[in-house]
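A short write-up of the structure that comes next.
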Amino acid sequence: MLIFEAMVKGLEGIGVKAAFGGAGESDAGLMIALAHSSKIKPVITRNEQAASFMACGYAMFEDRLGVCFATAGPGAFNLISGLSVALMDSYPVLAITGASWLKWRGKSSLNETSGLGRTPKGESVFAAVTKKTWELTDVSQACDVLEEAVNLAFAGRPGPVHIAVPEDLTLPHVSVDNYRDIRLTVRPVEPDPMALKAAADALVDAVRSGKRVVALAGYGAVRSRAGAELKALVERYQIPLITTMDGKGIIAEEHPLAIGVFGESGHESARKVFQDADIVLAIGNSFAQHATFNFEDMFQGKTLIQINIDPGEMNKVYPVTHAIVSDARLALAGLAQEMASSVDAVPARHYEMQDYDTEKIAHLGRTLHPGEMVQSMSRLLPENGVVLGDSGAHSAWLAYYLELGEGQRFRKPGTFAPMAGNTNGALGVKLASPERTVVVGCGDGCYLMSGFELLTAVENEIPVIWVIFDDDELKLIKLEQLATYHESALVEFRNPDYVAYAKACGADGYRAETREEFEAAFKAALASGRPTLIDAAITRLALPRYSPSVEGLKHSIVEGIWAAIRRWFHLPEL
């Protein structure tokens, strides 16, 4: 058995169904081994960066290992962006790359990244963006290293790992004689009983004394599938639930305790309930920059109870009174059990919540408003639908206006936030969950960076729907320029004929300039089961909802005016 045959067989044994990569000389044997597999679908991308994003998508909502691969040198380095996403956003991803011949190290051989003889030091590059990187030196290491790597990818807070295979280990006469199936032995991160009891006691005291508690759920709660446990807890004690953008849909957003999205592009209802709270129960949050109003000091006078699988997240941004290092689902179940013996259920309470359907939108003629388009998307999205945003203003519109029902999911780019990450990652999401409808809301700038992977979707019959927010500009960058420098530059461009492009690639394409045209196109895309582009010509006049402070937009405007007055008249800070 050849080394790549052994690795593919090992991955088959743990349930991997797809692998994404780029073609090259030093991974040629892996391509052949994947082609011979009856269990793993190989997807060859036009650019390896897209393969790394697809591997992230494959691991995004399912408890699956994302796998990407590339040839040595430049191909391998093209995986770095996706591995960075996996590291920061907690995706279990395995990258397998070729490497230059061991016997030629230091001679600057083709694609060499040994760090010798003025070559890049690949080990340092991959060590910086993974939990661990290995380079094999003997074929007998293959199964042991693969098993260690896969288990590490899932252990604790999930993340990426990397294995480099030198080309001289892949030759036809080099055999793996000690093959064995690999074993997944990952244990869940269970809460410390003492920490759990302390947090439960604090919540019991709050319920008894009438203190105001709010639950704030992030992607970690979604990833751990903690929806049922969270719903049971907030219903029993009538705790209002707010979410980050990536926590959207952890329970249905029509639920009377689902108050809305909290953050710079969030809902006023969520901001108010957070401000009124005495205790914040944060589940699976990393307290990212845009979810915290640029790390604003929001917790003065509040008690923070934080549940996170990663101990490194505790006290990283805000001081934690009660820290529970645990899988979110297990921690919530434990809290509910501890509390149930001490305090009864609370009668129903009424909270002001976000009304997605009646949200007023200023009509700007017949031109398509992105908020109305997203409202239409909400109404038409199937029960199991997934909507992905990418980097840009469109993600703010999606998070604000998209109302998710039971079982629906949303994900924007995480903290690393590369453009085109989810535009490409959608293919991985779809292959991990073929039964789900997968829709990408992407800016025209994001799509132009990587839209050629539409060919990959067509070739592999992966029916993703891309909705392009088309306004011929990089709006988020333009707004930043105007706010900071009072002028903008180099942010406008000309879009192609996306309908013609889609058809040239073998996909379906539609142009929508009104809400009615968009709904017709979206319905057709849902019915077709084919890769589809919808070129949505949105108005340039629409601006995403934004508040730079937890105090609200009005407060920020007043503060901005006073700051300007102090600068003009050289007054001291108050």
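Suppose only helical runs count, i.e. DSSP H with n ≥ 4. What mean residue ellipticity at 222 nm does that imply for the chain under -39500 (n - 2.57) per run, divided by all residues and rounded to the nearest 500 deg cm²/dmol? Mind showing how you got there, number by number?
Working: 21 runs with 218 residues, N = 574.
Only helices count here, giving -11500 deg cm²/dmol.
As an exercise, use a Förster radius of 35 Å and the Cβ-Cβ distance of residue 492 and residue 302 to find the FRET efficiency, rounded to the nearest 0.05.
On the way: r = 43 Å, r/R0 = 1.24.
Efficiency for this residue pair is about 0.20.
Could you please put 471, 201 in sequence from largest to smallest accessible area, using a 1.4 Å probe? List each step's numbers first, then the result.
Values: 471 10, 201 75 Å².
My answer, sorted largest first, is 201, 471.
Can you give me the long-range amide H partners of residue 67? Hydrogens built in the peptide plane at 1.01 Å from N, cutoff under 5 Å, separation of 5 or more residues or another chain.
20, 94
Using only Cα atoms, what Kirkwood radius does region 281-330 have, in angstroms? Mind dumping the intermediate values first?
Numbers: mean 1/r = 0.0901 Å⁻¹.
Result for region 281-330 stands at 11.1 Å.
Please compute the Kirkwood hydrodynamic radius of region 1-135 from all pairs of different C-alpha atoms, in Å with one decimal. Show your work: numbers first, answer last.
On the way: mean 1/r = 0.0670 Å⁻¹.
Radius from the Kirkwood sum: 14.9 Å.
May I ask you to compute the full-extension gain from residue 337 to residue 361, defined as 0.36 nm times their residue separation minus their alpha-carbon distance, rounded to one decimal in nm?
Values: separation 24, 0.36 × 24 = 8.64 nm, distance 4.41 nm.
Gain in length upon complete extension: 4.2 nm.
Which whole number of Å³ per residue matches the convex hull of the alpha-carbon atoms in region 87-233? Write down the numbers at each step before the final one.
Details: hull volume 22.5 nm³, N = 147.
For region 87-233, the hull spanned by Cα atoms encloses 153 Å³ per residue.
For the residue pair residue 107 and residue 315, what label-to-label distance in nm results when each label sits 7 Å from Cα along the Cα-to-beta-carbon direction?
If labels sit at residue 107 and residue 315, their model points lie 5.4 nm apart.
Between residue 211 and residue 63, what is the spin-label point distance in nm, taking each point 7 Å from the Cα along the Cα→C-beta axis?
Label-label distance for residue 211 and residue 63, simple model: 3.4 nm.
Apply 1/(1 + (r/R0)^6) to the Cβ-Cβ distance of residue 504 and residue 168, taking R0 = 41 Å, and write down the FRET efficiency to the nearest 0.05. Please list the in-between numbers first.
Numbers: r = 42 Å, r/R0 = 1.03.
The pair residue 504/residue 168 has a calculated efficiency of 0.45.
What share of Cα pairs, in percent, lie more than 18 angstrom apart in region 139-195?
Working: 789 of 1596 pairs.
In whole percent, the share of Cα-Cα pairs in region 139-195 beyond 18 Å is 49.
Report the GluC sites (Glu not before Pro) located in region 241-291 that are in a DSSP loop and have at most 15 other Cβ atoms inside 10 Å of their Cβ, or state none.
Those satisfying the criteria are 254.
Averaged per residue, what accessible area in Å² does the chain show with a 1.4 Å probe, protein chains only?
Details: 24230 Å² over 574 residues.
That works out to 42 Å² per residue.
Just how much of residue 355 is accessible, in Å², when a 1.4 Å probe is used and the result is rounded to the nearest 10?
Looks like 80 Å² after rounding.
Over region 370-475, what percent of the accessible surface lies on carbon and sulfur atoms, probe 1.4 Å? Let's see the in-between values first.
Working: 1380 of 2620 Å².
Roughly 53 percent of what the probe reaches on region 370-475 is carbon or sulfur.
5 Å is the cut-off here: which amide hydrogens, built 1.01 Å from N in the peptide plane, fall below it relative to residue 134, excluding neighbours closer than 5 in sequence?
Distant-sequence amide H within range of residue 134: 162, 163, 164.
Going by Cα centres, region 236-309 and region 103-171 are how many Å apart?
Measuring centre to centre over Cα atoms gives 40 Å.
Ignoring everything but the protein chains, give the 1.4 Å probe accessible area of residue 415 in square angstrom, nearest 10.
For residue 415, solvent-accessible area is about 80 Å².
How big is region 163-274 in terms of Cα radius of gyration and Dmax, in angstroms?
22.7, 74
When we measure straight from the Cα of residue 131, which lysines land under 30 angstrom away, once same-chain ones fewer than 8 places off are left out?
Within reach: 9, 17, 39, 41, 103, 107, 121, 248, 316, 412, 430.
Pairs of Cα atoms under 8 Å, at least six residues apart: use those to get the relative contact order of region 247-358, whole percent.
Working: 127 pairs, mean separation 29.3, N = 112.
Once divided by the residue count of region 247-358, the mean separation gives 26 percent.
Angle between the Cα long axis of helix 3-13 and the longest principal axis of the chain, 0 to 90 degrees, nearest 10?
Rounded to the nearest ten degrees, it is 40.
What order do 433, 209 take when sorted by accessible area (1.4 Å probe), most exposed first?
Values: 433 5, 209 70 Å².
Largest accessible area first, the residues go 209, 433.
Mind listing the phi-derived Karplus ³J(HN,Hα) values for region 472-483, rounded to whole Hz, using 6.51, -1.76 and 1.60 with θ = phi - 60°, and x for any glycine or proline?
Rounded to whole hertz, the list is 6, 7, 8, 5, 5, 5, 4, 5, 5, 4, 5, 5.
Using θ = phi - 60° and the Karplus form 6.51 cos²θ - 1.76 cosθ + 1.60, what ³J(HN,Hα) does each residue of region 26-33 get, whole Hz, x for Gly and Pro?
7, 10, 4, x, 5, 4, 5, 4
What is the distance in Å between the Cα centres of region 499-558 and region 318-352?
Each part reduced to its Cα centre gives a spacing of 38 Å.
Express the carbon and sulfur contribution to the solvent-accessible surface of region 229-312 as a percent, rounded to the nearest whole number, probe 1.4 angstrom. Can you show the working numbers first?
Working: 1180 of 2540 Å².
Reported share for carbon and sulfur atoms: 47 percent.
Applying 1/(1 + (r/R0)^6) with R0 = 56 Å to the Cβ-Cβ distance of residue 380 and residue 178, what FRET efficiency is obtained, to the nearest 0.05?
Working: r = 54 Å, r/R0 = 0.97.
It comes to 0.55.
When the Karplus curve 6.51 cos²θ - 1.76 cosθ + 1.60 is applied with θ = phi - 60°, which whole-Hz ³J(HN,Hα) does each residue of region 177-189 get, with x for Gly and Pro?
Per-residue couplings from phi come out as 9, 10, 4, 8, 5, 8, 10, 8, 10, 6, 9, x, 7 Hz.
Using a 1.4 angstrom probe and counting only protein chains, how large is the accessible area of residue 4 in Å², to 10?
That residue has around 10 Å² of solvent-accessible surface.
Mind listing which GluC sites (Glu not before Pro) in region 449-487 are in a DSSP loop and have 10 or fewer other Cβ atoms within 10 Å?
Values: sites: 453, 459, 461, 473, 480, 487; in loops: 461, 487.
Here the GluC sites (Glu not before Pro) that fit, given the DSSP loop and packing criteria, are 461, 487.
Please report, to two decimal places, log10 I(q)/I(0) for the chain at q = 0.08, 0.09 Å⁻¹ as given by the Debye formula with identical point scatterers on the Cα atoms and no solvent.
Debye intensities relative to I(0), on a log10 scale: -0.58, -0.73.
Can you order the peptides 506-519, 92-105 by their average number of other Cβ atoms within 10 Å per residue, highest first?
Order by mean packing, descending: 92-105, 506-519.
Per 5 Å bin, what percent of the C-alpha pairs of region 391-540 does each bin hold, from zero upward?
Binned Cα distances yield the sequence 2, 9, 18, 23, 22, 14, 7, 3, 1, 0.
The values are calculated or read from the model by the stated rules, or taken from the named source; none is laboratory data. These figures come from a predicted structure and were not determined experimentally. Note that we place each Cβ from the backbone using ideal geometry, even for glycine, and neighbour counts take in every protein chain shown. Surface areas here come from the heavy atoms of the whole protein model, side chains and all, with no ligands, DNA or RNA. Shrake-Rupley method; radii C 1.70, N 1.55, O 1.52, S 1.80 Å.
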